[in-house]
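Here is the structure we will look at, set down as C-alpha cells.
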Amino acid sequence: MDPTLAARTLTASTEIATAALSGQDPEAVLHLVVRAAAELAEADLGLVMAGNEDGSLTVEAAHGAQNAVGLVLSPRSSAARVARGGVPIVADDVITDPRTAPYVPRELTIYGPFAAAPFGTRESRLGALTVYRRRGAKPFTSGTVEVLTAFAAQAGLVLVLAEGRNAHERVGLYEERERIARDLHDVIIQRLYAAGMQLDLLSRRPARKLAKADSTRLADAVDQLDAAIADVRSVVRTLRNPDPEQPADLAESARAEVATARELLGFEPTFELAGDLTNIPAALADHVRAALRESLSNVVRHAGALRVAVHLRREGPTIRLTVADDGCGIPQGVTHRGLNNLRTRATQSGGTCEVRSSPRSGTTVTWEVPIPD
C-alpha cells in the first residue's frame, strides 16, 4: 500500500474513532465516514447504506450528492449482496456491468466506475460502503478497493463498539432514573402524604375548634401538599416511563398506591388483581392510578374504616376499579371535590363512576372505563 495513502487512512480512522467514542451524533459520524471514504478512493460520490429487514439497503449518508440520502436499493443489487455476503465488488461501469446494471437508481446513472465494501463486522453487518466516479473516469484499482474494504471494516467496528458503549451508558442512565424515581415515590411522596393527612385530620377534630382564618390556612396547606404530591408523581412517571405513548405497568403502580395507603390506615387493605393489565395505554393508566389514589385518600380522611378492599380487574374491553370500606359512609358537610374528580376522570375516559354510601355499610366506589383499541 502507498505509504501516503496508508497514513491518510490511519488519520481518517482515528478521527472517526474519536468522534464515535466521544458520543458525537451518529449521523455526524456517518458523514465523517462517507467523506473519508470518498477522499481516500478519489471518488466523486460516496454512500453509506444501512441494511433493512427485507434485505434492501437505504442510503443513510452521502458525500458528493446529498439528494442520494434516502435512496433504497433492491435486495438483489450488488451493494445489497456485498452487505449480506461480506465480499467487496468492483465494476468498471455500473451502467453496463451485468452484475450492477439492472438495479442502478435513476439518480446514480451519471456514474460509471463503482466499488462496494461491506460495512460493519462479521458478527454485526451494518450495510455497505460504496464509491462512484463520473462516467468516463478511470476505474478503481484493486489497491483502492483493498483500502476501501479495510477502512469500511475499521469504521464499522468503531461504530459497533460505540453503539455498545452507548447502550451501556443508557442502561446506567435508566438504572439511575429508576433509583431516583423509587426514592421519590417511597420516601418523599409518603412523607408529603402523611403530613397532608395529619393536617387534614387536625382541622377536623371537634375538640379543637379553629378560627376560620386558621382553618382556611390549614385547608390551603393541605391543597398545596396535594398539588406537590401530584407534581412529584408526575416526575416519577416521567422518570420511569419517558415515552408518554409507551404502555405503563399499571399493576405495579397500583400496588404502590395501596402500600402508601396501608402506612396511613395502619392496616393492610385487601388487594386483588384480575385480567391482563399489561399494555394499558399510558394516559388511561394515569386515570386509573389517580382514581385509586383519590378513592383511598377519601377512605383515609373520612371513613374511619377497619377494612378496605381494592379490586382492579380487566374484563374484555373494559377496566374496573372497586374500592370498598366498612367505615361511616360519606359524612355530611364533607366536600365532594374528590368524588367530582373521580367522576370527571371517568367521563373523560368514556366511562362511569358509581358511589354507594351509608353509615351502616360504608362506602363502595366503582370506577369503570373502556380500554382504547
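Remarks
- Each peptide among 30-38, 276-284 gets the average number of other Cβ atoms lying within 10 Å of its residues, and from highest to lowest they stand as 30-38, 276-284.
- Spin-label model, Thr270/Asp249: points 7 Å from Cα along the beta carbon direction are separated by 2.7 nm.
- Karplus-based coupling profile of region 143-151, in residue order and whole Hz: x, 5, 5, 5, 5, 4, 5, 5, 5, with θ = phi - 60° in 6.51 cos²θ - 1.76 cosθ + 1.60 and x standing for Gly or Pro.
- Share of carbon and sulfur in the accessible heavy-atom surface of region 277-372 [1.4 Å probe, %]: 50 percent
- Take every pair of alpha-carbon atoms less than 8 Å apart whose residues are at least six positions apart; their mean separation over the length of region 27-96 yields a relative contact order of 22 percent.
- Using only Cα coordinates, the Kirkwood hydrodynamic radius of region 39-101 works out to 12.4 Å.
- Protection proxy ranking, peptides 262-274, 313-325, average beta carbon neighbours within 10 Å, highest first: 313-325, 262-274
- Accessible surface of region 62-104, 1.4 Å probe, proportion on carbon and sulfur as whole %: 57 percent
- Accessible surface computed residue by residue for region 39-120, with neighbouring protein chains in place and a 1.4 Å probe, gives 43 Å² per residue.
The values are calculated or read from the model by the stated rules, or taken from the named source; none is laboratory data. Owing to the predicted nature of the structure, the values given are computational and were not obtained by experimental measurement. Glycine gets a Cβ as well: all are built from the backbone with ideal geometry, and neighbour counts include every protein chain shown. Note: accessible area is taken over every heavy atom of the protein model, side chains too, but ligands, DNA and RNA are not part of it. Shrake-Rupley method; radii C 1.70, N 1.55, O 1.52, S 1.80 Å.
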